[in-house]
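Down below is the structure, laid out as structure tokens.
The values are calculated or read from the model by the stated rules, or taken from the named source; none is laboratory data. Note that the structure is predicted; figures quoted are calculated from it, not measured. Neighbour counts are summed over all protein chains in view; Cβ atoms, including those assigned to glycine, are modelled from backbone coordinates with ideal geometry.
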Amino acid sequence: MVRAMATAILFSWTLAVEALAADVLIFGATRNTGLETAKILVERGDSVAAFVRETSDVTALKGLSVTLVTGDALDAPSVSAAFVGRSYDAVVSTLSGSVRNTAVDSQGNINVFMAAEKAGVKRLVLVTAIGAGGTDGVLQEGARRFLKPVFDAKTQAENDLMARDLKWTILRPGQLPEGPATGKGLLSEDQNLMGRITMGELAALIVKALNDDTTIGKIYHTVDSDMTGSFSSFD
């Protein structure tokens with residue numbers, strides 16, 4: 001059962017928001033998990049900058065005390081420019097593309113890593129997916145075939161990040177439905193683990209990982225302790 005899963009760590013919502021204030025740059029903050037992460041960081045008093053495209057809908061971010069930095073993750077110079085004139089403590093990337101457009105999953109993220117390394121920002125948390133890094137065996141066959149281009153691109157990003165001189169943590173969620181934090185999120189080094197986790201709870205784990213040095217250099221599968229198991233991505 002879940003309690004017996006090796007190295008599984010249960011973090012509560014309360015722990016997730018307790019941390020010293022920091023200056024954080026988020027890639028992918030206009031929606032979904034990235035937006036939820038920005039909300040938590042702002043609520044606890046962090047200074048947050050969001051890297052957005054000119055065409056992005058930033059309505060939700062305008063309701064927060066967030067600095068907007070305009071650029072395109074696939075344009076390396078504009079990514080590098082986001083680091084100019086500001087000293088960030090950490091970077092979070094929740095960038096994600098689609099089956100038909102995986103460039104942001106690979107090269108977009110790689111541009112972020114290169115820029116952070118050049119700017120001397122050591123701490124970086126990357127969100128990919130269960131299925132990356134050769135873990136697609138935990139998925140059902142249909143999901144493996146359909147999502148292979150995404151997993152390949154995310155794997156490329158993970159490999160690039162692990163080769164860099166950065167204090168990285170990689171979080172791999174399974175199914176990722178919308179929903180608030182539950183306080184039941186698991187960070188597990190068991191790469192056979194599969195399940196669901198809400199965007200709100202994943203965001204809480206991202207924030208917790210940022211301030212927990214024991215997560216540096218580790219890859220975690222992230223699921224809700226009440227939603228573990230083998231699920232089809234088409235459910």
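This table checks each residue for (1) within 26 Å of ALA129 (Cβ to Cβ); (2) crowded, with 16+ Cβ neighbours inside 10 Å; (3) under 16 Å from the mean Cα position of the chain (by Cα).
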site: GLU54; (1), (2), (3): no, no, no
site: SER78; (1), (2), (3): yes, yes, no
site: GLY85; (1), (2), (3): no, no, no
site: TYR88; (1), (2), (3): yes, yes, no
site: VAL92; (1), (2), (3): yes, yes, yes
Segment 185-200, subset touching a residue at least 40 places away in the same chain (Cβ under 8 Å) and not in a strand (DSSP E or B), residue nearest to LEU41 (Cα to Cα): GLY200
Residue match in segment 98-106 (condition: under 17 Å from the mean Cα position of the chain (by Cα), among the hydrophobic types (A, V, I, L, M, F, W, C) and surrounded by fewer than 17 Cβ atoms within 10 Å (Cβ to Cβ)): yes
Cβ-Cβ under 7 Å pairs, at least 6 apart or on other chains, segment 102-120 side within 14 Å of ALA82 (Cβ to Cβ) and hydrophobic (A, V, I, L, M, F, W, C), far side assigned to a helix (DSSP H, G or I) and modelled with pLDDT of 95 or more: VAL112/VAL79; PHE113/ASP160; PHE113/LEU161; MET114/ALA76; ALA115/VAL79; ALA115/SER80
Residue within segment 223-232 that is in contact (Cβ under 8 Å) with a residue 12 or more places away in the chain, of a type in the set (Phe, Trp, Tyr) and touching a Ser or Thr at 6+ places or on another chain (Cβ under 9 Å) present: no
Answer from THR214, THR169, THR182 - the residue that is assigned to a helix (DSSP H, G or I) and either of a type outside the set (D, E, K, R) or at pLDDT 95 or above (or both): THR214
